[in-house]
Structure formats: structure tokens, C-alpha cells
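Structure record follows, encoded as C-alpha cells.
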Amino acid sequence: LPMQKSIVINNVSFQMNHGSPSSNDEYIYPDASIEQLENCDSSEHDFVLIGHSHYSFSFKCANSILINCGSVGQSRQKGGLAYWVVINTTNKTFETKATPYDTSYLLEEIKKFESKIGYSFNILQR
């Protein structure tokens, strides 16, 4: 996949990134400094979407709205909740959602790949 992609839907522009707009490997958390959050601002996009940290949050930058929807399968906030966001392109509003799901299958799969019970397994037990 590309490191970054821009799309327009119903005249609303989105910049999509795995990490931050400046680095695919940068983790940005909800408690990040204002400076780190503002570094994600875009004067060319309405929304800047990031991921990588698996923590859901949003921040209103000077020109755009920064959103990390979190994670559908491996949330770092609370195991068993899939975090996602719905963006309304008519009025540029958004809503963060959290949907419960059964983690038992995922936990069994993680056991197959982690020789010792580790971070991925424990995080889903929160």
C-alpha cells in the first residue's frame, strides 16, 4: 500500500496515513503534545486520518481534523471493543464508535504465533 493517499468524497478531502503524515512509523497517542498533533495539520485536506498506535482519538487542528479511529481487531484501549469512525461528508461531522466483539478466536490465534504469552495477548485482556 502507499505510505500516504489522498482522496475526495463528496467534495470532502481526506489524507490517509498509516503512521503520521511525516512518517509511516510515527506513533501518535491521545496524550501527544499539541505540537505533535499540530504537525499533522493539512491546509489541503478536511480530514487527516492516521493509525499505527491503535488508540482512538480526534483533534481539531488549525486547518483540518486529525482522526485516529483506533483499531477494529487489536485495540490498545480495551480488548473486546472494535473502534471505528463514521464521517458524514454532507456536514463534515464525525462520530467515534466502539462495538463489542468476542476475542476468544483472536486470542487462540495469537497463542500460535507468540511463544510466550506477551503484549498482543495481554492487551486484549484489558
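The values are calculated or read from the model by the stated rules, or taken from the named source; none is laboratory data. Computed from a predicted structure; not experimentally measured. Positions of Cβ are generated from backbone atoms using ideal geometry, with glycine treated the same way; all protein chains shown enter the neighbour counts.
Just a few scattered comments:
- Residue among 87, 110 that alone is under 22 Å from residue 38 (Cα atoms) and at pLDDT 80 or above: 87
- Answer residue from region 17-74, given it is of a type in the set (Ser, Thr, Tyr) and without any contact (Cβ under 8 Å) to a residue 12 or more places away in the chain and is surrounded by the fewest Cβ atoms within 10 Å (Cβ to Cβ) among those: 33
- Odd one out for residue 114 among (1) without any contact (Cβ under 8 Å) to a residue 12 or more places away in the chain; (2) closer than 26 Å to residue 3 by Cα: (2)
- The residue of region 61-75 that is farthest from the chain's Cα centre (by Cα), among those that are closer than 16 Å to residue 19 by Cα and at pLDDT 95 or above, is 65.
- Looking only at residues of region 1-49 that are within 17 Å of residue 85 (Cβ to Cβ) and either part of a helix (DSSP H, G or I) or among the acidic types (Asp, Glu) (or both), we find that the one that is farthest from the chain's Cα centre (by Cα) is 46.
- Out of 82, 98, one residue alone is at pLDDT 80 or above, in contact with a Leu (Cβ under 7 Å, 6 or more places away or on another chain) and within 26 Å of residue 65 (Cα to Cα). It is 98.
- Of all residues making up region 117-126, the number that are surrounded by fewer than 16 Cβ atoms within 10 Å (Cβ to Cβ), touching a residue at least 24 places away in the same chain (Cβ under 8 Å) and either touching a Lys or Arg at 6+ places or on another chain (Cβ under 6 Å) or of a type in the set (Val, Ile, Thr) (or both): 1
- Test: residue in region 98-106 that is in contact with a strand residue (DSSP E or B) (Cβ under 6 Å, 6 or more places away or on another chain) and buried (at least 19 other Cβ atoms within 10 Å of the Cβ): no
- Subset of region 50-71 that is polar (S, T, N, Q) and not in a strand (DSSP E or B) - its residue that is nearest to residue 7 (Cα to Cα): 64
- In region 76-117, the residues that are small (Gly, Ala, Ser), part of a loop (DSSP other than H, G, I, E, B) and either within 18 Å of residue 56 (Cα to Cα) or within 22 Å of the chain's Cα centre (by Cα) (or both): 79, 80
- All positions within region 31-60 that are of a type outside the set (Gly, Ala, Ser), modelled with pLDDT of 95 or more and over 16 Å from residue 94 (Cα atoms): 31, 34, 35, 36, 37, 38, 39, 40, 41, 44
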